[in-house]
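The values are calculated or read from the model by the stated rules, or taken from the named source; none is laboratory data. If you're wondering where the values come from, they're calculated on a predicted model, not measured in any experiment. Glycine gets a Cβ as well: all are built from the backbone with ideal geometry, and neighbour counts include every protein chain shown.
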Amino acid sequence: MKKLSLFLVVALMVLTFGTTSFAADEVKIGVILPMTGPVAAFGQMTWEGIELANELRPQVLGKPVKLILLDDKSDKVEAANTASRLIEKEHVVAGIGAVASSNTLSAAPIFEKAKVPLITPASTNPLVTQGKKFIFRACFIDPFQGKVAAKFAYNNLKARKAAILVDIAQDYCVGLANFFEKNFKALGGEIVSKTFCKTGDQDFSAQLTTIKAKNPDVIYIPNYYTEDALIAKQAREMGINAPLLSGDGAQAPQLIEIGGKAVEGMYYTTHFNEKAASTELGKKYVEIYHKKFNKSPNALGALGFDAYYILLDAIERAGSLDPVKIRDGIAATKDFKGVTGVITIDENGNAIKSAVIETVKNGKFEFVTVVNP
Ligand code: PHE
């Protein structure tokens, strides 16, 4: 009898503590961000937004939220490792991350297999969520972003000949370049040159020589900020004066620090500008962000904030910390009035929302316009 009750006690303990994520007195949410490496600026900006969200809303279902931040080092292999660690060691109920699409693409299958939901604030490549039940995003996707850029080049910049210089080491850049190309051609424009580089490249003179010979009306560079800043510098040094157009990956303080005068007048598509804040939460965010950080808010912080809120709303609606129920809660997100706009998650796990166009003016990021889907 004694033996049996001891067995029961042990069995009960295993039951309660074995599934820590269900019964714990805190809600563990994993966060995967690039805190070091080539796109470390993205991690810093996103984390600011997530921390702000956590300050405003530190609890869910009456329990404190515990954020476990792991650094993917801007690297695919590290992104997969962090995903495994969050699931196997930390037993998180859900994840937020990553930023660069290639890294989210590498973390996503691990969450999918474990049936733990992952919401990326900012990865825009369509493949990130495609065919997966547990992967979501708080941002629009690149078929839309590429179209917005093509229309802007054709209609606003009146470009008819475009050159593309794309980083083929990044799924995001490759995808966005293709979507731009397709839409620019559909509008009647011509791609006069398409050249390639890789993350970490320093010298773009060969590609720029080709581009210069074609005399394009616009150069589309849908890359991350460091490569874009260096391309801009070298293009201007070589006397290429065509306008430069990029995507959301361009926005980081480093673009201006590295690019200096060369990035003046550069345009890029993105997700959020304080002047475009339309919701109650958006306006509140702008105000508290200015107070806390003493600067204008950026797209990534706002998306990080929204990803956190979407997740907490989903947990609240699920009324449970069961990752499968949380997954269903995220999938059911409808008309969530976030910082970056009104967000509805579609059947593919993607958010349908507007894009913003910005430019660099007097060494600062400036609002140009909003484009609706
Ligand atoms: N969209 C980029 C990607 O998928 C990430 C990004 C989003 C970077 C927003 C900056 C701002 O890789």
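Set side by side, the residues 131, 175, 146, 188 differ, and just one is of a type in the set (Gly, Ala, Ser), away from the ligand (no atom under 13 Å from the Cβ) and either closer than 18 Å to residue 248 by Cα or without any contact (Cβ under 8 Å) to a residue 24 or more places away in the chain (or both), which is 131. Here the condition is being touching a Gly at 6+ places or on another chain (Cβ under 6 Å) and either assigned to a strand (DSSP E or B) or under 25 Å from residue 337 (Cα atoms) (or both); of 136, 140, it holds for 136 alone.
Per the conditions (1) surrounded by 24 or more Cβ atoms within 10 Å (Cβ to Cβ); (2) in the same structural domain as residue 112 (by TED's automatic domain parsing), the sole criterion not satisfied by residue 153 is (2). Checking segment 74-82 against the condition returns no match, with no residue being assigned by TED's automatic domain parsing to the domain that holds residue 316, part of a loop (DSSP other than H, G, I, E, B) and over 16 Å from the mean Cα position of the chain (by Cα). Within segment 159-172, the set of residues being touching a Cys at 6+ places or on another chain (Cβ under 9 Å) and within 16 Å of the ligand (Cβ to nearest atom) comprises 166, 167, 168, 169. When each of 126, 117, 121 is tested for being surrounded by fewer than 24 Cβ atoms within 10 Å (Cβ to Cβ) and under 19 Å from the mean Cα position of the chain (by Cα), the lone residue that passes is 126.
Which ones in segment 33-73 are under 27 Å from residue 250 (Cα atoms), more than 16 Å from the ligand (Cβ to nearest atom) and in contact (Cβ under 8 Å) with a residue 60 or more places away in the chain? Passing the criteria: 52, 53, 54.
Among all positions in segment 238-254, there is no residue which is buried (at least 18 other Cβ atoms within 10 Å of the Cβ), over 20 Å from residue 139 (Cβ atoms) and within 16 Å of the ligand (Cβ to nearest atom).
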